[in-house]
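Student: Please see the structure below; I have some questions.
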Amino acid sequence: MRLLLILLTLSLSGCTVIRYVDPEENNTTNNGDTPPRVVDMLVMVDMSRSSATLSNEYFRILGFLTSGLASQRVEVRKMALAPLDRRIGQTVPLIYGTDDANAEFGSPAEALVYYAKDGGTLFLTDEAESDFENLALLGPGIESQAIYRANGATQDGRPYFTAPEDGLIVVTLSPSARICGAADENCFLDNQPAADFLLSETGEGAAWLDFPGDKELGVSKVFHVVVATQEGQGDFQAFSEYCRDFAGFPSGTIDLLEPSALTYFGPTVERINDGPGRALFIDLCEGMSELGEIAVGKAVVEIRRGL
């Protein structure tokens, strides 16, 4: 499927309109519409205190993603939030889920703020040793993972996710420096680089991911969208100037962000795309600027193409 992203700037209103065009007839229904698709979304978010303050920025970016997908008739059926860098022993909890009837938080942003502040130190007592380690631990157990109740709210032992439909979008949100580099052996997952781990398949499905039911998702139907700070840049002054150069970047947030001298997400995304997988990197500073909707729109195009 080939989708074109068309950006129209309306000079009178000062806004940008994003339109998506699918020119291929075999990807349209008889009435010319793109066929509907259903995906789930897993959001892995950094649990630093910076993330608590940046929660509005994060969910603005996620809003661009979900609304862009909706415009392409891609429904995000379920969305769960999980910690990127903290956990309970070897268990990575799902701390919020949309359509959770017994939710102890009113929104995913509220859940993030709670766990990124004092609640996290109380309940998320262990730290990940690499930036995708928690994802690797969560994936095989997602078939049985219920929403975690930190404060004793009504417990529901039923798995949050159900059998998959057309795909899974894994969003990673991080304002922090990387824990280690992609080529560092202490960053490996199951004794291999993170990209190779995420590209491994068993039968027709991704080896690291196990949903309820018999249906499996191949690695080409798992879309990794990484939204993180610049890599390969350890100088904060240069990083600050880089971020502030994006039109509309909220300058007051710059002290909440860290550049990363280590490269992890960039090489991992590149290697996944060299294989049968699909991955995208969105610069967090760009995502927080006036260009955020355009940057996310490009990700929407790639995801829709893969479905």
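Student: Pairs under 6 Å by beta carbon, first residue more than 17 Å from Met44 (Cα to Cα) in the range 88-113, partner of a type in the set (Ser, Thr, Tyr) and modelled with pLDDT of 95 or more, six or more apart or different chains?
Tutor: Phe105/Tyr96
Student: While we're on this one: With respect to the numbered conditions (1) among the basic types (Lys, Arg); (2) open to solvent by 60 Å² or more (accessible area, probe 1.4 Å); (3) modelled with pLDDT of 95 or more, which one is the sole condition not fulfilled by Arg178?
Tutor: Of everything listed in (1) among the basic types (Lys, Arg); (2) open to solvent by 60 Å² or more (accessible area, probe 1.4 Å); (3) modelled with pLDDT of 95 or more, Arg178 misses just condition (2).
Student: Wholly within the range 208-307, which helices (runs of 4 or more DSSP H) include no fewer than the required count, namely at least 1 residues that are over 19 Å from Ser50 (Cα atoms) and open to solvent by 10 Å² or more (accessible area, probe 1.4 Å)?
Tutor: So the answer is 236-244, 265-274, 292-306.
Student: Suppose we keep only residues that are touching a Gly at 6+ places or on another chain (Cβ under 9 Å) and hydroxyl-bearing (Ser, Thr, Tyr) within the range 244-265. Which one would you say is farthest from Phe281 (Cα to Cα)?
Tutor: Applying the filter and picking the extreme gives Ser260.
Student: When both residues are 6+ apart or on different chains and their Cβ atoms are under 6 Å apart, which pairs have a first residue that lies in the range 65-85 and is closer than 13 Å to Val39 by Cβ, and a second that is outside any helix (DSSP H, G or I) and open to solvent by 50 Å² or more (accessible area, probe 1.4 Å)?
Tutor: Arg73/Pro36; Val74/Arg37
Student: Evaluate the following for Arg158: is it at negative phi and either of a type in the set (Asp, Glu) or within 19 Å of the chain's Cα centre (by Cα) (or both)?
Tutor: The answer is no for Arg158.
Student: Restricting attention to the range 68-75, does a residue exist that is within 19 Å of Leu257 (Cβ to Cβ), of a type outside the set (A, V, I, L, M) and open to solvent by less than 10 Å² (accessible area, probe 1.4 Å)?
Tutor: no
For every residue, the table says whether it meets (1) touching a Ser or Thr at 6+ places or on another chain (Cβ under 8 Å); (2) charged (D, E, K, R); (3) over 18 Å from Glu258 (Cα atoms).
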{"site": "Glu201", "(1), (2), (3)": "no, yes, yes"}
{"site": "Ala207", "(1), (2), (3)": "yes, no, yes"}
{"site": "Gly218", "(1), (2), (3)": "no, no, yes"}
{"site": "Lys221", "(1), (2), (3)": "no, yes, yes"}
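Student: Do we find a residue being on the phi > 0 side of the Ramachandran plot and in contact with a helix residue (DSSP H, G or I) (Cβ under 6 Å, 6 or more places away or on another chain) anywhere in the range 184-191?
Tutor: yes
Student: Given the structure, is Ile95 open to solvent by less than 10 Å² (accessible area, probe 1.4 Å) and either within 24 Å of Phe211 (Cα to Cα) or modelled with pLDDT of 95 or more (or both)?
Tutor: Yes: the conditions hold for Ile95.
The values are calculated or read from the model by the stated rules, or taken from the named source; none is laboratory data. Please read these numbers as outputs of a predicted model, since none were measured by experiment. Every residue, glycine as well, gets a Cβ built from its backbone with ideal geometry; the counts of neighbours run over all protein chains shown. These accessible areas exclude ligands, DNA and RNA; they are computed on the full protein's heavy atoms, side chains included. Shrake-Rupley method; radii C 1.70, N 1.55, O 1.52, S 1.80 Å.
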